[in-house]
Amino acid sequence: QMQLAESGGGLVQAGGSHRLSCAASGRSFISYTMGWFRQALGSEREWLGTVAWGGGDPYYADSVRGRFTIFRDNTKNMVYLQMNDLKPEDTAVYYCAARPDSTSWYWYEYDYWGQGTQVTVSS
């Protein structure tokens, strides 16, 4: 089993920046592809991006490319989501997730999930 725990959610003004963290424990973090997703009220879970187990260039959804950055620190078993130029439509619960294989943008292909952290962007 792998346990994931997001932190850093909160209230942010539009145009601002914010960073979310995800701490992993249990299994070998370095072996897992890490993804970030979000789910707004009344909407489906949306893939934001992933970073492979070995690092390398992350993949991003069009909706956040150029504004959000994912990076991981395998020495600390951490993955981060740096969010810039936030918009009210970025308001959602944000989740980190892990899968042992290559990158995927399908939430159902991820084996482990954190509990989520709320980000609210005010206009």
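Selection of the range 1-24 for residues being outside any strand (DSSP E or B), among the hydrophobic types (A, V, I, L, M, F, W, C) and under 22 Å from residue 90 (Cα atoms) yields only 14.
Yes or no: the range 56-63 includes at least one residue that is part of a loop (DSSP other than H, G, I, E, B), of a type outside the set (Ser, Thr, Tyr) and touching a residue at least 12 places away in the same chain (Cβ under 8 Å).
yes
All conditions in (1) closer than 13 Å to residue 96 by Cβ; (2) open to solvent by 20 Å² or more (accessible area, probe 1.4 Å); (3) of a type in the set (D, E, K, R) hold for residue 65, with the sole exception of (1). Filtering the range 1-23 to residues that are at pLDDT 95 or above, under 26 Å from residue 101 (Cβ atoms), open to solvent by less than 20 Å² (accessible area, probe 1.4 Å) and of a type in the set (A, V, I, L, M) leaves 4, 20. Criterion applied to 27, 72 was being in a strand (DSSP E or B) and of a type outside the set (A, V, I, L, M, F, W, C), and the one residue passing it is 72. For the range 38-47, enumerate the residues that are part of a strand (DSSP E or B) and without any contact (Cβ under 8 Å) to a residue 40 or more places away in the chain. Across the range 38-47, there are no qualifying residues. Among the residues making up the range 46-59, a single one is within 14 Å of residue 96 (Cα to Cα), of a type outside the set (D, E, K, R) and surrounded by fewer than 20 Cβ atoms within 10 Å (Cβ to Cβ): 52. Which ones in the range 98-123 are in contact with a Pro (Cβ under 9 Å, 6 or more places away or on another chain), closer than 21 Å to residue 18 by Cβ and buried (at least 17 other Cβ atoms within 10 Å of the Cβ)? Within the range 98-123, just 121 meets the criteria. Among all residues of the range 78-97, there is none that is in a loop (DSSP other than H, G, I, E, B), of a type in the set (Val, Ile, Thr) and open to solvent by 60 Å² or more (accessible area, probe 1.4 Å). Scanning the range 30-45 for residues that are buried (at least 18 other Cβ atoms within 10 Å of the Cβ), within 16 Å of residue 20 (Cα to Cα) and not aliphatic (A, V, I, L, M) yields 35, 36, 37, 38.
The values are calculated or read from the model by the stated rules, or taken from the named source; none is laboratory data. On a predicted model such as this, the values are computed, not experimentally measured, just so you know. Cβ sites come from the backbone with ideal geometry, for glycine too, and all protein chains shown count toward neighbours. Surface areas here come from the heavy atoms of the whole protein model, side chains and all, with no ligands, DNA or RNA. Shrake-Rupley method; radii C 1.70, N 1.55, O 1.52, S 1.80 Å.
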